[in-house]
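Undergrad: Could you have a look at this structure, given as C-alpha cells, before my questions?
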Amino acid sequence: MQTGLIMLIGLLAKTAILLTEFASERRRMGMSITTAAISAARARLRPIMMTSMTMIFGMLPLMFSKGVGANGNISVGVGTVGGMLIGTVGLLFVVPSLFIIFQYLQERYPSFTMLLEEEFERRISRW
C-alpha cells in the first residue's frame, strides 16, 4: 500500500506542478488569472488523462489478481486506482481554483508576499 501511495503522490504532484507552471506562463504572457488557469487546464487535459489512464489500466491486473500473494497485490491496486481516479478529478478542478486564489493574493498584496518570503528565508538560514 505504501508503494502505491508514493507513486500516487509523485505522479499527482508532478502533474499539479506542470499545470501551475503552464498557467503561470500564460499569465506572464498577459492573460487574466482566470483565463490563464482555465486555458492551462484545457491544454493539459489530454496529457493528464493519458497519464492517469495509463497508470489506472496498468494497475487493473493487480486489482484483480488471484492466487498466492493476491492480498498484497489487491491492496496496492485498489489504493492506486482509487487514488488516481479521485486525485485526477480533484487535480483538474482544485489546482486551477487554488492557482486563481493564490495568484490573486500574490498580485494584490505583493508586500505581504515579500514579507512571507523573507520570513521563510530567515527561518531556513537558521538551519
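The values are calculated or read from the model by the stated rules, or taken from the named source; none is laboratory data. The structure presented is a predicted model; accordingly, all values stated were derived computationally and were not measured. Heads up, the Cβs are rebuilt from the backbone with ideal geometry, glycines too, and the neighbour counts pull from every protein chain shown. Accessible surface is based on the protein model in full, side chains and every heavy atom, while ligands, DNA and RNA are left aside. Shrake-Rupley method; radii C 1.70, N 1.55, O 1.52, S 1.80 Å.
Undergrad: Mind checking the full-extension length gain between A13 and L98? Use 0.36 nm per residue of separation minus the Cα-Cα distance, one decimal, nm.
TA: Numbers: separation 85, 0.36 × 85 = 30.60 nm, distance 1.40 nm.
The span from A13 to L98 would gain 29.2 nm if fully extended.
Undergrad: While we're here: As a test of the definition: which semi-axes, in Å, follow for the chain when you take the square root of five times each eigenvalue of its alpha carbon gyration tensor? Largest first, please. Don't skip to the end; give the middle numbers.
TA: Numbers: eigenvalues 259, 82, 17 Å².
Three semi-axes, in Å: 36, 20, 9.
Undergrad: Taking only protein heavy atoms into account and a 1.4 Å probe, give the accessible area per residue of the chain in Å². List each step's numbers first, then the result.
TA: Numbers: 8730 Å² over 127 residues.
About 69 Å² of surface per residue is accessible.
Undergrad: Choose one answer from L91, L116, L60: the residue with the largest mean-square fluctuation in a GNM of the chain with alpha-carbon springs under 10 Å.
TA: Judging by the Gaussian network model, the answer is L116.
Undergrad: Span-like helices, the chain: DSSP H, alpha-carbon axial extent 20 Å or more, mean Kyte-Doolittle 0.5 or greater, which ones? Before the final figure, lay out the partial values.
TA: Working: long enough: 2-28 (39 Å, 0.55); 33-63 (41 Å, 1.00); 70-108 (54 Å, 1.12); 110-126 (24 Å, -0.69).
Both cut-offs are met by 2-28, 33-63, 70-108.
Undergrad: Turning to a different aspect of this structure: Using a probe of 1.4 angstrom, how much of the accessible area of the chain is carbon and sulfur, in percent?
TA: 69
Undergrad: Given the peptides 48-55, 36-43, arrange them by the average over their residues of other C-beta atoms within 10 Å, most packed first. Don't skip to the answer; put the middle values down first.
TA: Working: 48-55: 15.4, 36-43: 19.0.
The peptides rank, most packed first, as 36-43, 48-55.
Undergrad: Something else: So what is Rg over Rh here for segment 3-45, counting just Cα atoms and using Kirkwood for Rh? All intermediate terms of the calculation are to be shown ahead of the outcome.
TA: Values: Rg = 12.4 Å, Rh = 10.9 Å.
Ratio of gyration radius to Kirkwood radius for segment 3-45: 1.14.
Undergrad: To continue, here is another question. With runs of 4+ DSSP H residues as the only contributors, calculate the mean residue ellipticity of the chain at 222 nm using -39,500 (n - 2.57) per run, divided by the residue total and rounded to the nearest 500.
TA: Values: 4 runs with 114 residues, N = 127.
Theoretical 222 nm ellipticity from helices: -32500 deg cm²/dmol.
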